[in-house]
1. Taking the Cβ of each residue in 129, 111 as the centre, tally the other Cβ atoms inside 10 Å and list the residues starting with the fewest.
2. Want the number for residue 96 to residue 80: 0.36 nm per residue separation, take away the alpha-carbon distance, what's left?
3. Sort 127, 53 so the one with the fewest other Cβ atoms within 10 Å of its own Cβ comes first.
4. Whole angstrom only: what separates the Cα centroid of the stretch 26-48 from the Cα centroid of the stretch 57-127?
5. Evaluate the Debye formula for the stretch 58-138 with equal point scatterers sitting on the alpha carbons, no solvent, and hand back log10 of I(q)/I(0) at q = 0.15, 0.23 Å⁻¹, in q order, two decimals.
6. Only counting other Cβ atoms within 10 Å, I'd like 52, 89, 128 sorted with the fewest neighbours first.
7. FRET efficiency for residue 33 and residue 56, Cβ-Cβ distance as r, R0 = 22 Å, nearest 0.05?
8. Take residue 70 and residue 130, extend 7 Å from each Cα along the Cα→Cβ direction, and tell me the distance between the two endpoints in nm.
């Protein structure tokens with residue numbers, strides 16, 4: 001059986017993934033690392049106006065949305081247009097150990113950086129244990 005498909009369907013899908021639309025945002029690239037008691041997350045958002053960045057956390061789901069628009073200039077003819085424009089979006093599921101109330105965000109040189117500290121309840125702590133008649137001593141938890 002011979003199946004016919006639209007030869008441009010895959011090209012259209014790839015274009016939508018790169019450029020993004022309001023209904024189907026483009027993916028932004030991300031790196032994450034832990035340094036001591038803080039997690040750092042880095043999102044590549046070159047050329048994005050910082051005012052277009054929306055950052056929300058709800059039930060340990062972090063969502064980042066941003067938009068990059070092409071600046072229209074009267075009388076200027078576009079010769080090449082390869083840079084992705086439109087809406088970019090990314091969701092991350094955060095661990096319960098993170099204190100999202102103390103999340104800090106900065107945007108510099110096209111990179112959105114989030115610093116998310118580990119919550120105090122999740123940090124290791126020492127617990128005092130009574131040892132018979134010999135008194136109390138510290139045991140690491």
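Read-outs throughout are calculated quantities, based only on the coordinates presented, and are distinct from any laboratory measurement. Keep in mind that this is a model prediction, so the values were computed, not measured. Ideal geometry is used to build each Cβ from the backbone, glycine not excepted, and the neighbour counts take in all protein chains shown.
1. Working: 129 9, 111 13.
If I rank by nearby Cβ atoms, fewest first, I get 129, 111.
2. Details: separation 16, 0.36 × 16 = 5.76 nm, distance 4.59 nm.
The residue 96-residue 80 span can extend by a further 1.2 nm.
3. On the way: 127 8, 53 17.
Arranged by neighbour count, lowest to highest, 127, 53 become 127, 53.
4. 7 Å
5. -0.79, -1.16
6. Working: 52 14, 89 17, 128 9.
The fewest-first ordering by Cβ neighbours comes to 128, 52, 89.
7. On the way: r = 22 Å, r/R0 = 1.01.
So the FRET efficiency works out to roughly 0.50.
8. For residue 70 paired with residue 130, the spin-label model returns 7.6 nm.
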